[in-house]
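The values are calculated or read from the model by the stated rules, or taken from the named source; none is laboratory data. Worth saying up front: this structure is predicted, and the values here are computed from it rather than measured. Every residue, glycine among them, receives a Cβ derived from its backbone with ideal geometry; neighbour counts consider all protein chains shown. The protein model used for the area step is the full one, side chains on, heavy atoms only, and it has no ligands, DNA or RNA in it. Shrake-Rupley method; radii C 1.70, N 1.55, O 1.52, S 1.80 Å.
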Amino acid sequence: MRRLAITLLGILAVLGFLAPTADAQSSDDSETTTTGGATNEPIDVLQVNGLFDDIVVNEIGNAIERAVDQNSQALVLQVNVRGAVASDDDMATLFEQIADAPLPIGVWVGPSGARLYGVPVQILAVADVTGMAPGARVGHSGDPVSPLIDFGSADADLRSDDFGLSDARALGVFKQRISDEGIATMANMLDALDGFEKNGVAVNATEEEITDDGTVQRTTVAAPRFAKLGLVDQLLHTVASPPVAYLLLLIGLALLIFEFYTAGVGIAGVVGAVCTVLACYGLTALPTRTWAVALLVAAFVAFAIDVQVGLPRVWTGVGLAFTVVGSWFLFVDLPGASMRPPWITLIAGVGGVTLTFVVGMPSMTRTRFATPTIGRDWMIGSTGTALERLNPEGTIEINDAQWRARTNRATPIQRGDEIRVIAIDGVTLEVEPLEGAAKDYREMRGKKSADVAAEPVDFEL
């Protein structure tokens, strides 16, 4: 009943993740601001991080529609993107949506340290107002995916290299001339949008104010309304990133093997299945090498062989080698951006697998099968052959079946020696050589005490 309850809870959790969720909603409930008696509609802001996948492409299109329906003054895309895994056709369709949008679309590469690489760079050519923060970089745009993409004289350089703020501004990557300091914050981006006119309507985002000391400053009068992905979309977008997809694959396969060697269906099996399914989705969305994925799966098959005998052997070494090679070559790099997971992720993945199948799983198997040896008493006294050196543990063969065995440390058994089973401890057989077996001093002492106790004693009066 306990396992059944755990399984049902796991299924309900999975269904909760897969349940439909609302579209991206505003995180700011304030719809309008009022300045000097005039009402200013808000400006929508959509933050885009990671990779341009199908979810992000669809969400940007939805954000444009929502901004129009909610009478927003403009839509700003705050981007920190390392490439695109969406198809060129989908990206071209998105660029057309942005170019034909009835309201101004701004693109801000920020905050400081943000990147805009690959095909997504071409969004700068179709947006109405563009800018980047100091410390950000753009480049490696690749071949244009739409006739709308035209960077003029900067096109050739932008395709093959990446640039910081000063160089990108000098090349004319941005449609508006931004200051030497760039656009450091979202407030500066709203200020850059102020006064831009589209379809006869100008954006009213900021106003000048004169302080008491005579200083002129810009004050934001249009509240930014930040949007976010729905629960399921955010989950799938997160999964479609190299570090997450990689770790989910390793965790999922390890948990499935763990569940295979336990009785019944428990939470480990449910979690392992969910992790594996999510990992498959992420690997499908990402540029991966099929042979590397197959190598990782083969690695866990190799691990399972040794888990069955409860002892790390050659197959464990093969599995570790496959894991290292498969992890290193799993993803295909995108233009200007490496898709290989960070070092800390690779170390955590390979190190976790090593500890699991060298230490954890063998201990679990020995504990799991350390049950009364009902039905195997016939093996006591049986003889066989050592398949490897036992000092004190190794593998033996009895009646064409292989067993894990242990011998007295004082009497190591060489490969090919004949042995005799003297006891059974779970799945491990206690053995000794047919000749020359060492005697445990404790057994000798016990035997001697028993002999003394049994010897008759004569009493003289």
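Can you tell me which residue in the range 104-125 is farthest from V68 (Cα to Cα), limited to those that are open to solvent by less than 10 Å² (accessible area, probe 1.4 Å) and among the aliphatic types (A, V, I, L, M)?
A114
Looking only at residues that are at pLDDT below 90 and open to solvent by 50 Å² or more (accessible area, probe 1.4 Å) in the range 325-341, which one is farthest from R159 (Cα to Cα)?
R340
Which members of the range 294-318 meet the condition of being assigned to a helix (DSSP H, G or I), crowded, with 19+ Cβ neighbours inside 10 Å and not charged (D, E, K, R)? Lay out the reasoning, then the answer.
Just the residues of the range 294-318 that are assigned to a helix (DSSP H, G or I), to begin with: 294-309, 314-318.
Restricting the remaining residues to those that are crowded, with 19+ Cβ neighbours inside 10 Å gives 295-296, 299-300, 302-303, 306-307, 315-316.
Hits for the range 294-318 are L295, L296, A299, F300, A302, F303, V307, W315, T316.
Kindly state which strands (runs of 3 or more DSSP E) lie completely within the range 82-196 and contain at least 1 residues that are basic (K, R).
Details: elements: 105-109, 115-117, 129-132, 137-139.
Filter on the range 82-196 gives 115-117, 137-139.
Residue check: is G381 in a loop (DSSP other than H, G, I, E, B), over 25 Å from F260 (Cβ atoms), over 45 Å from the mean Cα position of the chain (by Cα) and at pLDDT 75 or above? Let's see the steps before the verdict.
Working: in a loop (DSSP other than H, G, I, E, B): yes; over 25 Å from F260 (Cβ atoms): yes; over 45 Å from the mean Cα position of the chain (by Cα): yes; at pLDDT 75 or above: yes.
Yes; evaluated as a whole, the condition is true for this residue.
Among residues belonging to the range 360-378 that are modelled with pLDDT of 65 or more and exposed (fewer than 13 other Cβ atoms within 10 Å of the Cβ), point out the one that is farthest from R420 (Cα to Cα).
It comes out as S363.
Only one of these is out of contact with any Asp or Glu (no Cβ under 9 Å at 6 or more places or on another chain), touching a residue at least 24 places away in the same chain (Cβ under 8 Å) and either aromatic (F, W, Y) or loosely packed, with under 13 Cβ neighbours inside 10 Å (or both): F174, F196, F163. Name it. Spell out the reasoning first.
Working: F196 fails: out of contact with any Asp or Glu (no Cβ under 9 Å at 6 or more places or on another chain); F163 fails: out of contact with any Asp or Glu (no Cβ under 9 Å at 6 or more places or on another chain).
From the options F174, F196, F163, the qualifying one is F174.
Please go through the range 281-290 and give me each residue that is surrounded by fewer than 17 Cβ atoms within 10 Å (Cβ to Cβ) and either touching a residue at least 24 places away in the same chain (Cβ under 8 Å) or not in a helix (DSSP H, G or I) (or both), ordered by number.
Here is the first cut: in the range 281-290, the ones surrounded by fewer than 17 Cβ atoms within 10 Å (Cβ to Cβ) are 281, 284, 287, 289-290.
Within the range 281-290, Y281, P287, R289 qualify.
Looking only at the range 66-81, count how many residues are open to solvent by 40 Å² or more (accessible area, probe 1.4 Å), assigned to a helix (DSSP H, G or I) and touching a strand residue (DSSP E or B) at 6+ places or on another chain (Cβ under 8 Å).
Filtering the range 66-81 for residues open to solvent by 40 Å² or more (accessible area, probe 1.4 Å) gives 66, 68-71, 80.
Adding the requirement that they be assigned to a helix (DSSP H, G or I) leaves 66, 68-69.
Those left that are additionally touching a strand residue (DSSP E or B) at 6+ places or on another chain (Cβ under 8 Å): 66.
Residues meeting the conditions: 1.
If I go through the range 396-413 residue by residue, how many of them are within 15 Å of M379 (Cβ to Cβ) and open to solvent by 10 Å² or more (accessible area, probe 1.4 Å)?
Qualifying residue count, the range 396-413: 8.
Of the residues that sit in the range 54-65 and are in contact with a strand residue (DSSP E or B) (Cβ under 8 Å, 6 or more places away or on another chain) and in contact (Cβ under 8 Å) with a residue 60 or more places away in the chain, which one is surrounded by the most Cβ atoms within 10 Å (Cβ to Cβ)?
First, the residues of the range 54-65 that are in contact with a strand residue (DSSP E or B) (Cβ under 8 Å, 6 or more places away or on another chain): 56, 59-60, 63-64.
If we keep only those that are in contact (Cβ under 8 Å) with a residue 60 or more places away in the chain too, we end up with 56, 59, 63.
Numbers: V56: 26, E59: 23, A63: 22.
Selected residue: V56.
Within the range 257-269, identify whether any single residue is under 11 Å from the mean Cα position of the chain (by Cα), open to solvent by 50 Å² or more (accessible area, probe 1.4 Å) and of a type outside the set (D, E, K, R), and answer yes or no. Walk me through how you get there before you give the answer.
The initial filter retains those residues of the range 257-269 that are under 11 Å from the mean Cα position of the chain (by Cα), namely none.
No.
Being buried (at least 23 other Cβ atoms within 10 Å of the Cβ) and hydroxyl-bearing (S, T, Y) is true for just one of S87, S141. Which residue is that? Lay out the reasoning, then the answer.
Values: S87 fails: buried (at least 23 other Cβ atoms within 10 Å of the Cβ).
Going through S87, S141 in turn, just one is buried (at least 23 other Cβ atoms within 10 Å of the Cβ) and hydroxyl-bearing (S, T, Y): S141.
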